[in-house]
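Okay, so here's the structure we're looking at.
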Amino acid sequence: MATVVRIPSEAEFKTAMVAYRQRENRGPVYFRAVDQINKGWGNAPAMADGIGLLLKSWHNVFYRFGLYDPARLADCIVTHLETLASLRKRTIDSFSLADEPLVRRLFNAFTDALKGGKNGQQESTVATAKALHVLAPGFLPLWDNLIAGAYGQFPMLAPNYIAFCWQMKELASALLVYIPNPDDCSVLKRLDEFSYAVYTQGWVRLHQKDKRQLGE
């Protein structure tokens, strides 16, 4: 069964954007992480440091019990740097069936590289998606547990992430007219701010009338 996802009105979307900016005090770390990765592109330890800026702030609840191995993350970046470079400047509107295998490989590789937590061997695909996003901000979406659940994407494995990419492609197409052009970050980042304000924090409630499915 298709997941029912509410397509917000322009007023609802912009209200969520305002709520995010007013209430999420960790927002600036995102731009520092992306800037670090851009400046250090091609230098795997520097890129790993940029990912770390984001994860140590936005995913501290998981990593406070044990950080991933930075060297292992850097090795993963080296292994997949050519693929990441090919995705770096792409946007979600270009996502296609041909991209599914490479996204699956990236997702599984970074999930393994980012193991941490209490015994150092726990996986967090929240961390995976956040890391992939800052490496390709216009093409690879980020999520958290509540956002993934809202879009029907449990158990948050690679097939779910690929399905989420398709959902974000369609949502981006529907909401692009609401976003200023040019903006200071990607459409996917704005969609995450919307989803975070609505589904993670509950700062904004969407009207239930006229609910429709992505894919209709």
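The values are calculated or read from the model by the stated rules, or taken from the named source; none is laboratory data. Predicted, not measured: the structure shown is a model, and the values here were computed from it. We place every Cβ from the backbone using ideal geometry, glycine too, and count neighbours over all the protein chains shown.
Values as computed for the structure displayed
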| read-out | value |
| --- | --- |
| Single unsatisfied condition, residue 118 versus (1) among the basic types (Lys, Arg); (2) part of a helix (DSSP H, G or I); (3) in contact with a Phe, Trp or Tyr (Cβ under 9 Å, 6 or more places away or on another chain) | (2) |
| Only one of 95, 107 that is crowded, with 20+ Cβ neighbours inside 10 Å and touching a Cys at 6+ places or on another chain (Cβ under 7 Å) | 95 |
| Qualifying residue in region 35-44 (condition: part of a helix (DSSP H, G or I), small (Gly, Ala, Ser), under 23 Å from residue 115 (Cα atoms) and touching a residue at least 24 places away in the same chain (Cβ under 8 Å)) | yes |
| Criterion (out of contact with any strand residue (DSSP E or B) (no Cβ under 8 Å at 6 or more places or on another chain) and under 16 Å from residue 127 (Cβ atoms)) met by exactly one of 112, 75 | 112 |
| Contacts under 9 angstrom Cβ, first residue in region 76-95 being more than 26 Å from residue 172 (Cβ to Cβ), partner at pLDDT below 95, 6 or more apart | none |
| Tabulated pairs, region 142-157, first among the aromatic types (Phe, Trp, Tyr), second modelled with pLDDT of 95 or more, C-beta under 7 angstrom, 6+ apart or interchain | 143/126; 143/129; 143/164; 151/164; 151/167; 154/148; 154/160 |
| Residues that are of a type in the set (A, V, I, L, M, F, W, C) and either more than 30 Å from residue 81 (Cβ to Cβ) or modelled with pLDDT under 95 (or both), drawn from region 13-44 | 13, 16, 17, 18, 19 |
| Members of region 32-72 that are touching a helix residue (DSSP H, G or I) at 6+ places or on another chain (Cβ under 8 Å), closer than 16 Å to residue 126 by Cα and of a type in the set (Val, Ile, Thr) | 51 |
| Flag if residue 195 is surrounded by fewer than 17 Cβ atoms within 10 Å (Cβ to Cβ), out of contact with any strand residue (DSSP E or B) (no Cβ under 9 Å at 6 or more places or on another chain) and either touching a residue at least 40 places away in the same chain (Cβ under 8 Å) or closer than 12 Å to residue 13 by Cα (or both) | no |
| Conditions (1) in a loop (DSSP other than H, G, I, E, B); (2) exposed (fewer than 15 other Cβ atoms within 10 Å of the Cβ): number failed by residue 7 | (2) |
| Any hit, region 2-12, residues being at pLDDT 95 or above and among the polar types (S, T, N, Q) | no |
| Only listed residue being at pLDDT below 95, of a type in the set (A, V, I, L, M, F, W, C) and buried (at least 17 other Cβ atoms within 10 Å of the Cβ), chosen from 176, 188, 214, 135 | 214 |
| Breaking point among (1) more than 18 Å from the chain's Cα centre (by Cα); (2) of a type in the set (Val, Ile, Thr); (3) crowded, with 17+ Cβ neighbours inside 10 Å, for residue 79 | (3) |
| Within region 9-35, tally of residues that are under 16 Å from residue 184 (Cα atoms) and in contact with a Leu (Cβ under 8 Å, 6 or more places away or on another chain) | 4 |
| Flag for residue 67 being part of a loop (DSSP other than H, G, I, E, B), modelled with pLDDT of 95 or more and among the hydrophobic types (A, V, I, L, M, F, W, C) | yes |
